[in-house]
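Report on one structure; see the data block that follows.
The values are calculated or read from the model by the stated rules, or taken from the named source; none is laboratory data. Being a predicted model, the structure only gives us computed values, none of them experimental. Cβ placement follows ideal geometry from the backbone for every residue including glycine, while neighbour counts extend to all protein chains displayed.
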Amino acid sequence: MGKMGGRKQLKRHSMPPVLRLPVKSQKWLTKPVPGPHPADMSVPLRIILRDFLKVARSAKEADRIIFSGKILIDGVVRKNPKFPVGFMDVVQIPDIGKTYRVSVDSLGRLRLLEVGEAEAKRKLCRVIKKQTVRGGRIQLTLHDGRNVVGELRDFRVGDTVEISLPNGEIIRRIPLSVGKWGIVMRGKNAGRTGKVEEIKTRTRTAVLSADGDKVETSLDYVFIVGDEAPAVGVVNAA
């Protein structure tokens, strides 16, 4: 009888578009475990250290750093090399005094942008679901798997929530509306940032003014990042 269950590794030639790493001599690539981000929009922590930041020369060295508790994601120590790191996550390496935010480049690849220490204390999250729970309170599900419960009736799917780290308390709401600043997360316009010029409810698309051009994309791909400018670092990701 054959083995049951999915593979724990991926072949490099079949890696998701968010990675697009060079095809090296190694045949296999680490597969992220189930977690706060979907597999097609996340990168295993091991790959963050070895291939993205190059603070480790091998998987073994990356794992040793991770197991020692020296890496924080959103202010929380993570010791699983396969932990999925995704869009807007904050990666901290206190030993070298570096903080990074996960963004997306023009090819739709997840990339890390170095940010200041102050940005390590806050994060932007997109509302992907809203429902009423016991007691008539509102529960919001955010793009990184968090659930927030409270008197949150003004919040809508597509809005952005700015939270403090690591406790996850809500700082403010940034609505998905005309005039706000957004970044495109997926599709042919991935990585483009600009002001929301129009929201077309019939086609569920948004028009952004980006770098002098106007681009139209699915509302599901738009992540609001600020009022008149990005509230956190989201561009020039390396």
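Numbers below:
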{"item": "Those residues of the stretch 146-170 which are buried (at least 17 other Cβ atoms within 10 Å of the Cβ) and among the polar types (S, T, N, Q), in sequence order", "result": "Thr160"}
{"item": "Some residue of the stretch 192-204 being surrounded by 18 or more Cβ atoms within 10 Å (Cβ to Cβ), under 21 Å from the mean Cα position of the chain (by Cα) and assigned to a loop (DSSP other than H, G, I, E, B)", "result": "yes"}
{"item": "Criterion violated by Ala62 - all others in (1) surrounded by fewer than 19 Cβ atoms within 10 Å (Cβ to Cβ); (2) in a helix (DSSP H, G or I); (3) not aromatic (Phe, Trp, Tyr) satisfied", "result": "(1)"}
{"item": "Residue list for the stretch 219-233, filter: surrounded by fewer than 15 Cβ atoms within 10 Å (Cβ to Cβ) and aliphatic (A, V, I, L, M)", "result": "Ala229"}
{"item": "Selection count where residues are surrounded by 20 or more Cβ atoms within 10 Å (Cβ to Cβ), β-branched (Val, Ile, Thr) and without any contact (Cβ under 8 Å) to a residue 60 or more places away in the chain, scope the stretch 82-101", "result": "3"}
{"item": "Test for Gly158: is it part of a loop (DSSP other than H, G, I, E, B) and either over 23 Å from Val85 (Cα atoms) or in contact (Cβ under 8 Å) with a residue 24 or more places away in the chain (or both)", "result": "yes"}
{"item": "Selection status of Gly191, at pLDDT below 95 and not aliphatic (A, V, I, L, M)", "result": "yes"}
{"item": "Some residue of the stretch 171-190 being polar (S, T, N, Q), surrounded by 15 or more Cβ atoms within 10 Å (Cβ to Cβ) and closer than 18 Å to Ala231 by Cα", "result": "no"}
{"item": "Odd one out for Phe87, checked against (1) touching a helix residue (DSSP H, G or I) at 6+ places or on another chain (Cβ under 9 Å); (2) closer than 18 Å to Arg50 by Cβ", "result": "(2)"}
{"item": "Of residues in the stretch 73-109 being at pLDDT 95 or above and of a type in the set (S, T, N, Q), the one farthest from the chain's Cα centre (by Cα)", "result": "Asn80"}
{"item": "Matching residues, the stretch 206-218, being at pLDDT 95 or above and buried (at least 17 other Cβ atoms within 10 Å of the Cβ)", "result": "Ala206, Val207, Leu208, Thr217"}
{"item": "Criterion: touching a residue at least 60 places away in the same chain (Cβ under 8 Å) and in contact with a helix residue (DSSP H, G or I) (Cβ under 8 Å, 6 or more places away or on another chain) - qualifying residue of Val232, Val222", "result": "Val232"}
{"item": "Cross-chain or 6+ apart pairs with Cβ under 8 Å, the stretch 125-149 first and on the phi > 0 side of the Ramachandran plot and in contact (Cβ under 8 Å) with a residue 40 or more places away in the chain, then of a type outside the set (A, V, I, L, M, F, W, C) and surrounded by 11 or more Cβ atoms within 10 Å (Cβ to Cβ)", "result": "Gly145/Gly35; Gly145/Pro36; Gly145/His37"}
